[in-house]
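Below: one structure, written as structure tokens.
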Amino acid sequence: MNKNFFQAARETDLAEKRRLDRRGQMLSWLRLTTFFLCLLALAAAWDTGALEIYLVAVALACCFTALLRRHGKLFEQRLLLESHIAALSNFLARFSGEWHNFPVTGAEYLKDELPQAQDLSLFGADSIYQYLCAARTKAGRDSLADALSPFPADLALARKRQKAVEELITRPRLVLDLTAAAALLPDGHDTKPLLTALQRNTEKPYAGTVFIAWVLPAALALAIVGASLSLIGWTMPAILVLLQFLIAFALGRRTASAQKPLAAMHRELRLYERLFSRLEDATFQSPHLIALQTQLKAGGAARSLRRLAVLADHAHTRHNLIFLLLANAFFLSDLHFAHRIAHWQEKAAAHLGDWLAVWAETEVLLSLSTVGLVREMYAFPELLEDASPRLEAKNLTHLLIPEEKAVPNDIDATAGTRIITGSNMSGKTTYLRTVASACVLAYAGAPVPGERFRLSPLHIFTSIRVTDDAAHGLSTFYAEILRIKSMMAFKEKRLPMLIVIDEIFKGTNSADRLIGAREAISRLTGADFITLVSTHDFELCEIESDAAPVTNWHFEESYEDDKLLFDYKIKEGRCTTRNAQYLLKMAGIME
């Protein structure tokens, strides 16, 4: 998707916002003018007693009410438009590099037992999660985190997601509409409290009061009509009002407990209803999106949420004490709404969790579509069913490096080990991260930044960002030993693995490093593994294995006008150059 599309759309929305601002100012002045004219008309009518002026005052009051409602709708329209502009700005931030400021980083998903997440920048500041995440709900964010796993859990689901994401990429306006509407939800909105409250009691607790709820208000209405026509006195209406008030008071705790959960989420329910309506009204082609849409349509999700939102609006108005007293004294409103809530629970509460799960999955798809919406070059990986390891990529780049700066590289690997040598800053670590993180994206169902990508199921293990742990008494070297140990333990399961080790055993002296590295590489070379190992030790280029091929690849630098230059392209064979002394001289440490 071209950057120009998002820029043009943002300029259009900003122009529309300016138009709405002008309209809002005009409505504010009209509302204020109408209000004062209404007051003047009432004062004149009171002074003169003229019926015509009273009618004018009533008409002005009606106009004021209409303007108030129109201004409220305009406010909602403006709020959605601002959210739309923010969504467009977020897409543009991914082009400019300002996405690093996105507040949702996924740092809470970093775990000590999953070092791959830190090594590959899956979660946390400046991470793939931060770059991709369009999820607003807690369930959606959790689902996206689950999808970004170094272990291929469900290739069938990944393929379904691929088709859905591919369709969403061709429909950027739908993506923007859904993202903008969802952004109006509270940040990290957790729906569990609502689900718990609505599914806690799905039986009708007020079955014995249905008759009372309808008959008493009807009797009160007849009594008021009769008293107005002087057919009966006003004692009977007063008794009925008092009786209804006492009934409402007696049942108040029960009716309030039924409505309390809704009162806290009346606005959120309206937003979910809007999201479900947008999904139900869309026309989809991919099987996964059709299946999600069918789940919503089959249960009438949007319609049911609309009804629940009406009930929630009433529950929210209970905070107005005067309204609460009058509505119950004359209509037994709490009892009526308690019946309606119980009826809704009976018909729809069991489906609410499924509907919200549909939205969480939709948020995952919206997030994964970001790659194709921002990148000019991307490819949907071919997920192979091969039992033996296979990994092939053409012009692959790292998602977090701006496209115009990223240098593409290839890989065509089967079972075996690749020893990657190269001088400092030549691109070894970035290459390792690029390959491994692209595998994670592929298993999630996302496109990858590259021309072509094919891979079989590979369990990804890494040793890249290894640091010491003073709190637990671990040195950097021993921490890396534990990483290598976990790889060797997992290989006993005989499952295909992608093993990525950057500068193996860098935390110890060269003699011990060479001995340990030779042994580790030998044991991590086999028919079930693709092993990528970077090193500065050229001696490791001599390693051979009978279990699987060991090949050499390298990055190199060049010098021009006494300047150090890198092309960041991987090449066959071993490295023959060094640049450490040059860098030391540049830093003024060596002469």
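Scan segment 286-296 and tell me whether some residue there is touching a strand residue (DSSP E or B) at 6+ places or on another chain (Cβ under 7 Å) and either of a type in the set (D, E, K, R) or not in a helix (DSSP H, G or I) (or both).
Narrowing segment 286-296 to residues touching a strand residue (DSSP E or B) at 6+ places or on another chain (Cβ under 7 Å): none.
Taking every residue of segment 286-296 in turn, none turns out to be touching a strand residue (DSSP E or B) at 6+ places or on another chain (Cβ under 7 Å) and either of a type in the set (D, E, K, R) or not in a helix (DSSP H, G or I) (or both).
Specify the residue that is modelled with the highest pLDDT; the eligible residues are those in segment 347-357 that are surrounded by fewer than 16 Cβ atoms within 10 Å (Cβ to Cβ) and over 11 Å from Gln199 (Cβ atoms).
Restricting to residues being surrounded by fewer than 16 Cβ atoms within 10 Å (Cβ to Cβ) and over 11 Å from Gln199 (Cβ atoms), the top hit is Asp354.
From the list Asp567, Asp561, which residue is loosely packed, with under 15 Cβ neighbours inside 10 Å, under 16 Å from Gly427 (Cβ atoms) and modelled with pLDDT of 65 or more? Spell out the reasoning first.
Values: Asp561 fails: under 16 Å from Gly427 (Cβ atoms).
None of the others qualify; the one that does is Asp567.
Does any residue in segment 551-573 that is under 16 Å from Asp412 (Cα atoms) and small (Gly, Ala, Ser) come within less than 8 Å, Cβ to Cβ, of a residue that is part of a strand (DSSP E or B) and modelled with pLDDT of 75 or more six or more places away or on a different chain, and which pairs are these?
So the pair list comes out as Gly573/Asn552; Gly573/Trp553; Gly573/His554.
Any residue that is under 30 Å from Leu185 (Cα atoms), in contact with a Leu (Cβ under 8 Å, 6 or more places away or on another chain) and in contact (Cβ under 8 Å) with a residue 40 or more places away in the chain - is there at least one of those in segment 401-408?
There is no residue in segment 401-408 that is under 30 Å from Leu185 (Cα atoms), in contact with a Leu (Cβ under 8 Å, 6 or more places away or on another chain) and in contact (Cβ under 8 Å) with a residue 40 or more places away in the chain.
Test Ala511 against the stated conditions and say whether it is in a helix (DSSP H, G or I), hydrophobic (A, V, I, L, M, F, W, C), more than 18 Å from Thr551 (Cα to Cα) and over 40 Å from the mean Cα position of the chain (by Cα). Let's see the steps before the verdict.
Working: in a helix (DSSP H, G or I): yes; hydrophobic (A, V, I, L, M, F, W, C): yes; more than 18 Å from Thr551 (Cα to Cα): yes; over 40 Å from the mean Cα position of the chain (by Cα): yes.
Criteria met by Ala511.
Within segment 1-43, can you find the residues that are aliphatic (A, V, I, L, M) and loosely packed, with under 15 Cβ neighbours inside 10 Å? If you could, list the steps in order and put the result at the bottom.
Here is the first cut: in segment 1-43, the residues aliphatic (A, V, I, L, M) are 1, 8-9, 14-15, 20, 26-27, 30, 32, 37, 39-43.
Listed by number, the residues that qualify are Ala8, Leu14, Ala15, Met26, Leu32, Leu39, Leu40, Ala43.
Could you list, in sequence order, all residues of segment 70-126 that are assigned to a helix (DSSP H, G or I), over 16 Å from the mean Cα position of the chain (by Cα) and of a type in the set (D, E, K, R)?
Those that are assigned to a helix (DSSP H, G or I), over 16 Å from the mean Cα position of the chain (by Cα) and of a type in the set (D, E, K, R): Arg70, Lys73, Glu76, Arg78, Glu82, Glu98, Asp119.
If I filter segment 485-492 for residues that are modelled with pLDDT of 90 or more and buried (at least 17 other Cβ atoms within 10 Å of the Cβ), do I get at least one hit? Let's see the steps before the verdict.
At the first step, the residues of segment 485-492 found to be modelled with pLDDT of 90 or more are 485-492.
Now drop any that are not buried (at least 17 other Cβ atoms within 10 Å of the Cβ), which leaves 487, 491.
Within segment 485-492 (the criterion being modelled with pLDDT of 90 or more and buried (at least 17 other Cβ atoms within 10 Å of the Cβ)), the answer is yes, since at least one residue qualifies.
What number of residues in segment 455-502 are part of a strand (DSSP E or B) and more than 30 Å from the chain's Cα centre (by Cα)?
3
Quick check on this structure: which one of Val448, Val500, Val466 is farther than 27 Å from Ala379 by Cβ, among the aliphatic types (A, V, I, L, M), surrounded by 24 or more Cβ atoms within 10 Å (Cβ to Cβ) and in the same structural domain as Ala415 (by the TED database)? Before the answer, list the steps.
Working: Val448 fails: farther than 27 Å from Ala379 by Cβ; Val500 fails: farther than 27 Å from Ala379 by Cβ.
Just a single option satisfies the conditions, and that option is Val466.
The values are calculated or read from the model by the stated rules, or taken from the named source; none is laboratory data. As the structure is a computational prediction, the values presented were derived from the model and not from experiment. In this analysis, Cβ positions are derived from the backbone assuming ideal geometry, glycine residues included, and neighbour counts consider all displayed protein chains.
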